[in-house]
Amino acid sequence: MQNNNLFDWMNVDGGVGNLFGGGIGYDTAAEGIRNAQTPVEDYYKKALSYLQPYMQGGTQALGNLQRGYQQMQDPSAYANKILGEWRESPAERYQRQQGISSINANLATRGLTGSGAEAKALQNYGQQQTAQEQQNYFNTVYGVNRDYLGGQQNLYGGGLNSATTMADLAQKTGMSLADLQRLAAEAEGKSDSMFGGGIGSIIGATIPFLI
């Protein structure tokens, strides 16, 4: 994971890595190595603070996806549920009334008012109008649900990537801290002498291993 904002504050190139640039005693080296663990741990905590919200959002999205897809497992039940919630809107009611008035006026000019033809025409119109209104409602609700699940899918994907990054970061942080502890123990176990600049190279390489 590359994050310059998180990495710059550590100033590894000019800080920890150069801490051991000259010859120093083993005891001093051991103390410095142990102190170098702090920026590694701080970096890990800061990185987690950035990633945690995305992982939590992905976890919540996963639950929403599961519930949404469960409702769609039975297409007939899903469609019936949506259509069962349909109610004719004021605009649709007005349109229906206008259509009925138009049919009545047309039949009246032909002298068919009160006839069987009028009743049949009004019945057909009412059935067609209801079917069209229900289809429009279903398409609208289904489209909203589809877009919602698509957004939740994107959130889940981002959360999964964050969780994967956090797991990888935890592993690398643990390895880096273990290396620092091993170096400190080795330095403490040696007799007092001069410790070369090689430790500086090791420390400087260990912390960027997290990036």
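Quick note: the coordinates plus some simple rules give every number you see, no bench work behind them. As the structure is a prediction and not an experimental result, all values here were calculated from the model. Please note: Cβ atoms are built from the backbone with ideal geometry, for glycine as well, and neighbour counts cover all protein chains shown.
First measure r as the distance between the Cβ atoms of Q70 and Q132, then evaluate 1/(1 + (r/R0)^6) with R0 = 25 Å and state the FRET efficiency to the nearest 0.05.
Numbers: r = 30 Å, r/R0 = 1.20.
Between Q70 and Q132 the formula returns 0.25.
Ordered by packing density, taken as the mean number of other Cβ atoms within 10 Å over each peptide's residues, highest first, how do 67-74, 30-37, 130-137, 175-182 rank?
On the way: 67-74: 11.4, 30-37: 19.2, 130-137: 14.0, 175-182: 15.6.
The densest-packed peptide leads the list: 30-37, 175-182, 130-137, 67-74.
Which aspartates and glutamates have a Cα lying under 17 Å from the Cα of K46, excluding residues fewer than 8 positions away in the same chain?
D8, D168
By a straight-distance test (C-alpha under 13 Å), which aspartates and glutamates pair with K172 as possible cross-link partners, with residues fewer than eight away in the same chain excluded?
E41
What nm value, rounded to one decimal, do you get for the distance between E85 and T164 when each label is placed 7 Å out toward the C-beta?
Spacing of the two 7 Å Cα→Cβ label points: 3.4 nm.
Place a point 7 Å from the Cα of S115 along the Cα-to-Cβ direction; which residues of region 56-100 have their backbone N under 19 Å from it?
100
Taking 7 Å along the Cα-to-C-beta vector as the label spot, tell me the Q95-N124 distance in nanometres, rounded to one decimal.
Here the answer is 2.0 nm between the modelled labels.
Extension gain S102-K172, at 0.36 nm per residue separation less the Cα-Cα distance, in nm? Let's see the in-between values first.
On the way: separation 70, 0.36 × 70 = 25.20 nm, distance 7.63 nm.
Residue separation times 0.36 nm, minus the Cα-Cα distance, leaves 17.6 nm.
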